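The block underneath contains the structure these notes are about, expressed in structure tokens.
The values are calculated or read from the model by the stated rules, or taken from the named source; none is laboratory data. Every value quoted in this text rests on a predicted model; they were computed, and no experiment measured them. Note that each Cβ is placed from the backbone with ideal geometry, even for glycine, and that neighbours are counted across all protein chains shown. Just so you know, the surface numbers come from the protein's heavy atoms only, side chains and all, with ligands and any DNA or RNA stripped out. Shrake-Rupley method; radii C 1.70, N 1.55, O 1.52, S 1.80 Å.
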Amino acid sequence: MQSLIDHARSFHQQVATRRGPFSPPLPDSRPQAIFVSCSDARVVPTLLTGSAPGDLFELRTAGNVIPPHRVGRLTAEAATLEYAVVVLGVPDLIVCGHTRCGAVRGRTSGRALRQAPTTRFWLLHTHRWRGIPERTQEDPGRSHLVAQLDKLRRYPWVARRLANGTLRLHGWFFDVETGAVWRHAPDTGAFVPL
Ligand SMILES: [Zn+2]
């Protein structure tokens, strides 16, 4: 923990060095994309994409779970997504799953989350509406990711912008061990190298 505190204390010095004394003020936030990913510490969106401050609007949840859309149901995930899609007008929405995801394991194994009933309920509840096909040869995180993409398409403001061609939806799958990234091809349902 101490190394985190030390870095935060000196961070302003790095920013001052990078920006210089006569830099113009930072523009309003105009991120390139909203990046939805798992809270897993091994998944670092800025490292993965090489993005700079201002590039990514991030939404991170355990298991990169998106709750199903329900009229009148308030969730932090829906509010964050709505802000990015409607107010910021991001042109791209990326959902990034990953290998060896503890949350996905918890969803598929009843015992894994016995000590965390809230987490277990959340993961099960957000998927009860739709069965997820489990293919024995592939990481279950992949079909889990496809389920999140399906749910996102049902948010009305996402659906509207997908229909009028102003928003692109991407499904990525990150291998935490090799660093490889795969993308979901919606026409074939396959995962292919990004
Ligand atoms: Zn995860």
Next item on the list: Can you find, among P31, L59, L152, the residue farthest towards the positive end of the dipole of the chain? Put +1 on the C-beta of Lys and Arg, -1 on that of Asp and Glu.
Entry: L152
Next item on the list: Pull out the extension gain between T46 and R160, defined as 0.36 nm times the separation in residues minus the alpha carbon to alpha carbon distance; nm, one decimal.
Entry: 38.2 nm
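With a cap of 12 neighbouring Cβ atoms within 10 Å, and only residues DSSP puts in a loop, list the chymotrypsin sites (Phe, Trp or Tyr not before Pro) found in the stretch 1-95. Write out the running numbers ahead of the final one.
Values: sites: F11, F22, F35, F57, Y83; in loops: F22.
Sparse-neighbourhood loop chymotrypsin sites (Phe, Trp or Tyr not before Pro): F22.
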Next item on the list: Skip the ligands, DNA and RNA, and give the accessible area per residue of the stretch 27-193 with a 1.4 Å probe, whole Å².
Entry: 54
Checklist line | Karplus 3J(HN,Hα) series, Hz, for the stretch 167-178 with 6.51 cos²θ - 1.76 cosθ + 1.60 (x for Gly, Pro) | finding: 9, 10, 10, 10, x, 10, 9, 9, 8, 5, 8, 9
Next item on the list: Would you tally the net charge around L26, using a Cβ to Cβ cut-off of less than 15 Å, leaving L26 out, and scoring K and R as +1, D and E as -1?
Entry: +1
Item checked: Computed lengthening from A116 to V71, 0.36 nm per intervening residue step minus Cα-Cα distance -> 13.4 nm
Note to self: Is there a quick way to get the dipole size of the stretch 27-193? I mean about its Cα centre, with the Cβ of Lys and Arg at +1 and of Asp and Glu at -1; what is the value in debye to the nearest 20?
What the structure shows: 720
Next item on the list: Please find, in a Gaussian network model of the chain (springs between Cα atoms separated by less than 10 Å), the residue of R114, R183, R100 whose mean-square fluctuation is greatest.
Entry: R114
Margin query: Can you give the local net charge around S37? Use residues other than it whose beta-carbon is closer than 11 angstrom to its beta-carbon, Lys and Arg +1, Asp and Glu -1.
Written below: 0
Item checked: Amide H partners (placed H, <5 Å) of L56, local residues excluded -> Q32
Notebook entry, point to check: Residues with beta-carbon under 12 Å from that of A159, excluding A159: net charge, scoring Lys, Arg +1 and Asp, Glu -1?
Noted result: +4
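Report the relative contact order of the stretch 27-193, percent, no decimals, based on alpha-carbon pairs under 8 angstrom and at least 6 residues apart. Intermediate values should be presented prior to the final figure.
Values: 249 pairs, mean separation 40.3, N = 167.
Taking the mean separation of contacting Cα pairs over the length of the stretch 27-193, I get 24 percent.
For the chain, what is the mean residue ellipticity at 222 nm derived from helices alone (per DSSP H run of n ≥ 4: -39500 (n - 2.57); sum divided by total residues; nearest 500 deg cm²/dmol)?
Details: 7 runs with 67 residues, N = 194.
When only DSSP H runs of four or more count, the value is -10000 deg cm²/dmol.
What percent antiparallel are the DSSP beta bridges of the chain, to the nearest 5?
25
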Notebook entry, point to check: Any idea how far the Cα center of the stretch 60-97 sits from the one of the stretch 134-189, in Å?
Noted result: 14
Next item on the list: Calculate one ³J(HN,Hα) per residue across the stretch 47-62 by plugging θ = phi - 60° into the Karplus curve 6.51 cos²θ - 1.76 cosθ + 1.60, and present them in order as whole Hz with x for glycine and proline.
Entry: 5, 4, 9, x, 8, 9, x, x, 7, 10, 9, 9, 10, 10, 9, 4
Notebook entry, point to check: By how many nm would the segment from R168 to M1 grow when fully extended, if each residue of separation counts as 0.36 nm and the alpha-carbon distance is taken off?
Noted result: 56.3 nm
Checklist line | Rg over Rh [alpha-carbon atoms, Kirkwood Rh] for the chain | finding: 1.00
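First compute the accessible area of the stretch 27-193 with a 1.4 Å probe, then give the percent of it belonging to carbon and sulfur atoms. Let's see the in-between values first.
Details: 4820 of 8970 Å².
Heavy-atom surface of the stretch 27-193 belonging to carbon and sulfur, 1.4 Å probe: 54 percent.
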